[in-house]
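Trainee: Here's a structure for you.
The values are calculated or read from the model by the stated rules, or taken from the named source; none is laboratory data. Computed from a predicted model, the values in this text were never measured in an experiment. Cβ placement follows ideal geometry from the backbone for every residue including glycine, while neighbour counts extend to all protein chains displayed. Side chains are part of the model used for accessible areas, which takes the heavy atoms of the whole protein and leaves out ligands, DNA and RNA. Shrake-Rupley method; radii C 1.70, N 1.55, O 1.52, S 1.80 Å.
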Amino acid sequence: MQTIFIQIKCELGRAYEVADALVQGVEQVSEVHSTSGQYDLLVKCYLPSDLDIGHFVNESVQRLPGIKDTFTLIAFKAFA
């Protein structure tokens, strides 16, 4: 299992619509948070180890209506 975080910049006025589409339509999405700063949303995803991150982001996230830009972070280890 691999964990990634995706920061998303939305078209103006569409952040809640994009968040809803991610939660409802993308199985690998664990959490979606609205954030301040350059990006509107922070998305936490759990992906199977054999799933290509680039294909997932390009095909399952970036193609959703209302998304202008993304920035993906790969998590190495979680600390409790």
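Trainee: Any idea which of S49, S36, S60, S30 is within 12 Å of the chain's Cα centre (by Cα), surrounded by fewer than 14 Cβ atoms within 10 Å (Cβ to Cβ) and among the polar types (S, T, N, Q)? Steps first, answer last, please.
Mentor: Working: S49 fails: within 12 Å of the chain's Cα centre (by Cα); S36 fails: within 12 Å of the chain's Cα centre (by Cα); S60 fails: surrounded by fewer than 14 Cβ atoms within 10 Å (Cβ to Cβ).
The match here is S30.
Trainee: Hey, another quick one. Hey, K44 hits all of (1) open to solvent by 50 Å² or more (accessible area, probe 1.4 Å); (2) touching a residue at least 40 places away in the same chain (Cβ under 8 Å) but one; which does it fall short on?
Mentor: (1)
Trainee: Moving on to the next point. Within region 22-29, identify whether any single residue is assigned to a strand (DSSP E or B) and either in contact with a Leu (Cβ under 6 Å, 6 or more places away or on another chain) or among the small types (G, A, S) (or both), and answer yes or no. Step through it out loud before you land on a result.
Mentor: Initially, region 22-29 is screened for residues assigned to a strand (DSSP E or B), giving 29.
Cutting the leftovers down to either in contact with a Leu (Cβ under 6 Å, 6 or more places away or on another chain) or among the small types (G, A, S) (or both) gives us 29.
Yes, region 22-29 has at least one match.
Trainee: Can you tell me which residues in region 1-27 are aliphatic (A, V, I, L, M) and open to solvent by 40 Å² or more (accessible area, probe 1.4 Å)?
Mentor: Correct list: M1, L12, V23.
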